[in-house]
Amino acid sequence: MQQSKAVCVIFLLTIVSLILIPLQWLAMKAGHPVQRQLPYLWHRIATRLVGIRITQKGKPATHRPLLIVANHASWVDITVLGAVMPLSFIAKSEVEGWPILGLFAKLQRTVFVNRTRRTETGAVASQIAGRMASGDAMVLFAEGTSNDGNRVLPFRSALLGAATKALENGAPVEVQPLSIVYARQHGIPLDRRTRARIAWYGDMELGGHLWGVFCNGAIDVELTWGEPVEVSPGTDRKALTARLHADVERMTITGLTGREPLDPEAGEAEVPASEATQ
C-alpha cells in the first residue's frame with residue numbers, strides 16, 4: 001500500500017512538474033514576476049501530495065529586504081519553506097550538479113556558493129544583496145550542512161555579510177531567525193531515532209530517502225519564526241551570527257522538548273535523548 005502511494009505521488013509530481021517547469025523557464029528568461037510564484041505553487045502541491053502538514057508559530061516578516069536564517073535537517077526543508085511563501089535559497093555549489101534537486105534548485109532561482117573559494121564570498125554576498133534589494137526573500141541555512149534534526153550546529157557568519165551589503169541600496173534590512181522541527185509522523189511523536197527517517201544528512205543516498213519519505217508521508221513539521229533583527233551599517237557580523245544561532249537553538253529546543261531551555265542564553269546545542277520528543 002505504501003509503495004503504491006509513493007508511485008502515485010511520483011506520477012502526479014511528474015505531471016505537475018512537466019506543466020510548471022517550462023512555464024518557470026520562460027518566466028525566468030523573460031524576467032516576469034510570476035517566476036516567484038510558480039515554485040511556490042509547486043511546493044504547495046508537493047506538500048499536499050506527500051502528506052506534509054505545516055504548523056507555524058509566529059509569522060514571517062513582510063518587510064523587504066529580508067534574509068531568513070534557519071537550521072537545516074533535510075531536503076524536505078526546501079519543500080516545507082517553499083510552500084509557506086515565495087522565496088529563494090542560498091545553497092552550496094555542489095547542489096547545482098545534483099540530479100533532479102539541482103534542476104529544481106536552479107528553477108527556484110537559488111544562489112550557489114562555492115565554499116572552497118573564500119575569495120568569492122564577497123561577490124556572492126553582493127549577488128544575494130542584489131536579490132534581496134529586488135524584493136526576493138532569501139533563505140540561508142547558516143549551519144552550512146544538514147544534520148539529524150535533533151540539534152543545531154554552529155552557524156557560519158560569512159554570508160550574513162549579504163545583509164550589510166544590501167544596506168547599500170538604501171532600504172532597511174531585516175534578518176529573521178527560523179526554527180524547523182519535525183514533530184510527528186502519522187500522528188506519533190518523533191524521537192531522536194525516528195526523526196532521522198526524515199532528516200537527510202551525511203552520506204545518505206538521495207533516491208532511497210526520497211522513496212522512503214514518499215512511502216511514509218504524514219509528516220507534521222513546526223516552523224517557529226523569531227523576532228526579525230534590523231541590520232544597520234554598524235552591525236557586527238559575528239555578533240549577529242551568535243544572536244541568530246542562540247534564537248534558532250532556543251526555538252528548536254523548545255520545539256523538540258515542549259519547554260524552554262533552562263538558560264536561553266546558553267542552551268545545549270544537542271537535545272538529550274530522553275527529551276528529544278514532541
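The values are calculated or read from the model by the stated rules, or taken from the named source; none is laboratory data. The shown structure was predicted, so the numbers you read here are calculated from the model rather than taken from an experiment. With ideal geometry, Cβ positions are generated from the backbone for all residues, glycine too; neighbour counts draw on all protein chains shown.
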Tally of residues being more than 24 Å from ALA142 (Cα to Cα) and assigned to a loop (DSSP other than H, G, I, E, B) across segment 168-189: 3
Candidate set from segment 249-274 (those that are at pLDDT below 60, assigned to a loop (DSSP other than H, G, I, E, B) and not aliphatic (A, V, I, L, M)); member that is farthest from LEU178 (Cα to Cα): SER274
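Which of the following residues is touching a helix residue (DSSP H, G or I) at 6+ places or on another chain (Cβ under 7 Å) and of a type in the set (Lys, Arg): LYS165, LYS92, LYS57?
LYS165
Out of the residues in segment 191-202 that are assigned to a loop (DSSP other than H, G, I, E, B) and under 20 Å from the mean Cα position of the chain (by Cα), which is modelled with the lowest pLDDT?
GLY202
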Subset of segment 48-60 (residues that are surrounded by 18 or more Cβ atoms within 10 Å (Cβ to Cβ) and either within 25 Å of ARG131 (Cα to Cα) or under 16 Å from the mean Cα position of the chain (by Cα) (or both)): ILE52, PRO60
Matching entry among VAL111, VAL69, VAL76 (being surrounded by 18 or more Cβ atoms within 10 Å (Cβ to Cβ), of a type outside the set (S, T, N, Q), closer than 21 Å to LEU178 by Cα and in contact with a Pro (Cβ under 6 Å, 6 or more places away or on another chain)): VAL69
One residue from GLY149, GLY187, GLY226 being modelled with pLDDT of 85 or more, touching a strand residue (DSSP E or B) at 6+ places or on another chain (Cβ under 8 Å) and surrounded by fewer than 19 Cβ atoms within 10 Å (Cβ to Cβ): GLY187
Selection count, segment 144-167, where residues are among the β-branched types (Val, Ile, Thr) and either touching a His at 6+ places or on another chain (Cβ under 9 Å) or part of a loop (DSSP other than H, G, I, E, B) (or both): 2
